[in-house]
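The values are calculated or read from the model by the stated rules, or taken from the named source; none is laboratory data. It should be emphasised that the depicted structure is a prediction, and the values quoted were computed from it without experimental measurement. Neighbour counts run over all protein chains shown; Cβ positions are idealised from the backbone, glycine included. With ligands, DNA and RNA removed, areas are computed over all heavy atoms of the protein, side chains included. Shrake-Rupley method; radii C 1.70, N 1.55, O 1.52, S 1.80 Å.
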Amino acid sequence: MAEREILPFGDPVLRKKAKPVLELTPKILRILDDMADTLYAEPGRAGLAAPQIGILRRMIVMDCGEGLIELINPEILEMQGEQIGPEACLSYPGYTGIVKRANVVKISTLTRSGETRYIEGEGYLARCIQHEIDHLNGILFIDLVEDGQLFRDQTGQKADLMQALKISR
């Protein structure tokens, strides 16, 4: 198990669609373990998708406050309601944006033993699930921010999205 490097915004891998995991091999399970190590390497991290460490497979690890959740080939089955709130991203550090998401999601996913599991998330968990599944589809939170505005984490000051994108490259 090891901490992996998180790809920064601008890396072309972040814009590619991840492929399904076809077989739960020891290598795939090691990657999940490395992803968990990477997630927990710094406090405050909520989720990490495999493309963020350069692996184009449909795998996610997350901890939204109630322990580690591993998602393999997750699929959103239902979305209900609406919530609007702040989001940030490990691949785009230093900025937060306001994003509209469904308030409740129901997904199917595989466990590391290959069993299908259904998860229903509400509020923050639903937000995290949607954010991370977006990564599997090459979508970043900055694509969805309201009013084209980001906020600098350290100061809380508004930062124009286009200017922040230039700064990040």
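General remarks:
- Treating r as the C-beta distance of residue 79 and residue 158 and R0 as 25 Å, the FRET efficiency rounds to 0.30.
- Computed per residue of the chain from DSSP H runs no shorter than four, each worth -39500 (n - 2.57), the mean residue ellipticity at 222 nm is -6500 deg cm²/dmol.
- Normalised contact order of the stretch 1-52, rounded percent, pairs of Cα under 8 Å and 6 or more residues apart: 57
- Taking only the Cα atoms of the stretch 30-169, the ratio Rg/Rh comes out at 0.96, with Rh defined as the Kirkwood radius.
- Sites listed here are GluC sites (Glu not before Pro) in the stretch 48-144 whose DSSP assignment is loop and whose Cβ has at most 14 other Cβ atoms within 10 Å: 66, 82, 115.
- Probe 1.4 Å, accessible area per residue of the stretch 1-127, Å²: 52
- Spatially proximal aspartates and glutamates relative to residue 17 (Cα-Cα < 18 Å; intrachain offsets below 8 disregarded): 75, 132, 134, 143
- The stretch between residue 113 and residue 11 holds 33.5 nm of extra length on full extension. This uses 0.36 nm per residue minus the Cα-Cα distance.
- Across the accessible surface of the chain, with the other protein chains kept in place and a 1.4 Å probe, carbon and sulfur atoms take up 49 percent.
- Simple label model, 7 Å out from Cα along Cβ direction - residue 63 to residue 33, nm: 1.7
- Contact order relative to length of the chain, as percent, for alpha carbon pairs under 8 angstrom and 6 or more apart: 23
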